[in-house]
Amino acid sequence: MNKDQLRQQALSRRRDMTAQARTSASSSIQQRLFSYLIEASEQDNKLRDTPLLVYRSLSDEVGTTRLFESCAELADRDIYAPVTQHAGDMHWQRITPNTIWQTGSFGILEPAEGAPWSPTDGPAILACPLVGFDRNGNRLGLGKGCIDRWLGGAKNHILLSIGLAFACQECSPIAAEDHDIPLDIIITEEEIIACRNY
């Protein structure tokens, strides 16, 4: 099965979730992420206080609103949200309790302002959305390629890449291409899947 077919199947399964099931699963996934980051930071000093780059969710994706409201639970680490230009170029801006959100070029809420994250400031942890995934960490996005292009240039500055997904989005093995960058961890409402060394 090719990527487009897998993507359509995964999107269909995600759309079939009820709003209540999506909300409940999102809450579980966010709590698993909180717990995982705390535990991982205790085991690896490199991850302690490392900034978290996290997407702002679309209506049927794993919700991330609570992440932006819960900086304290994440050991006071800075949290950054993406800002995407019309050409698909992306950068990240720091979130504070006073952040003003505006609708961006793809209809997703983005911070109107905020200090930018730069690799020169030090490495970060990435929590990214996905449409489908397999247990080797291969991900399917919506097909726009924004995350993939950005990650291609920033991968050496990402200590840990985490995909957030509902369990129903798991696919049969996805054929990885040369430019694809596997995720280290995938967190669903049912489990934490270690795809690589973390």
| note | Filtering region 1-23 for residues that are exposed (fewer than 15 other Cβ atoms within 10 Å of the Cβ) and within 19 Å of Ala127 (Cα to Cα) leaves a count of 1
| remark: Scanning region 26-44 residue by residue, those within 17 Å of Leu159 (Cα to Cα) and either part of a loop (DSSP other than H, G, I, E, B) or in contact (Cβ under 8 Å) with a residue 60 or more places away in the chain (or both) turn out to be Leu33, Tyr36, Leu37, Ala40, Asp44
| remark: Of the candidates Ala165, Ala154, Ala175, the one satisfying the condition of being more than 17 Å from Val54 (Cβ to Cβ) and either of a type outside the set (S, T, N, Q) or loosely packed, with under 14 Cβ neighbours inside 10 Å (or both) is Ala175
| message | When you check Arg56 against the structure, is it among the basic types (Lys, Arg) and either in a strand (DSSP E or B) or within 15 Å of the chain's Cα centre (by Cα) (or both), yes or no? | response | yes
| request: Just name the residue that is surrounded by the fewest Cβ atoms within 10 Å (Cβ to Cβ) out of those in region 81-90 that are assigned to a strand (DSSP E or B) and modelled with pLDDT under 90. | output: Met90
| message | Condition check: at pLDDT 95 or above, over 14 Å from the mean Cα position of the chain (by Cα) and within 20 Å of Glu61 (Cα to Cα). Does Ile185 satisfy that? | response | no
| Condition check for Ile29: surrounded by 14 or more Cβ atoms within 10 Å (Cβ to Cβ) and touching an Asp or Glu at 6+ places or on another chain (Cβ under 6 Å) | yes
| task | Output yes when any residue across region 125-134 is over 12 Å from the mean Cα position of the chain (by Cα), under 14 Å from Ile162 (Cα atoms), crowded, with 17+ Cβ neighbours inside 10 Å and not hydrophobic (A, V, I, L, M, F, W, C), and no when none is. | result | yes
| Of the residues Ser41, Ser26, which single one is of a type in the set (Gly, Ala, Ser) and modelled with pLDDT of 90 or more? | Ser26
| Residues of region 53-80 being surrounded by 16 or more Cβ atoms within 10 Å (Cβ to Cβ), at pLDDT 85 or above and farther than 16 Å from Asp148 by Cα, which ones? | Arg56, Ser57, Glu61, Val62, Gly63, Thr64, Asp78, Ile79, Tyr80
| Residue within region 4-25 that is within 15 Å of Leu160 (Cα to Cα), among the hydrophobic types (A, V, I, L, M, F, W, C) and assigned to a helix (DSSP H, G or I) present | no
| message | Please determine whether any residue of region 93-114 is exposed (fewer than 15 other Cβ atoms within 10 Å of the Cβ) and within 20 Å of Leu159 (Cα to Cα). | response | no
| field | Out of Leu58, Leu47, Leu11, sole residue that is in contact (Cβ under 8 Å) with a residue 12 or more places away in the chain, touching a Leu at 6+ places or on another chain (Cβ under 8 Å) and of a type in the set (A, V, I, L, M, F, W, C) | value | Leu47
| Looking at Asp148, Asp134, which one is of a type in the set (Asp, Glu), farther than 21 Å from Arg66 by Cα and in contact (Cβ under 8 Å) with a residue 40 or more places away in the chain? | Asp134
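The values are calculated or read from the model by the stated rules, or taken from the named source; none is laboratory data. Keep in mind the model is a prediction, meaning the values are calculated, not measured. Positions of Cβ are backbone-derived with ideal geometry, glycine not excepted, and every protein chain shown enters the neighbour counts.
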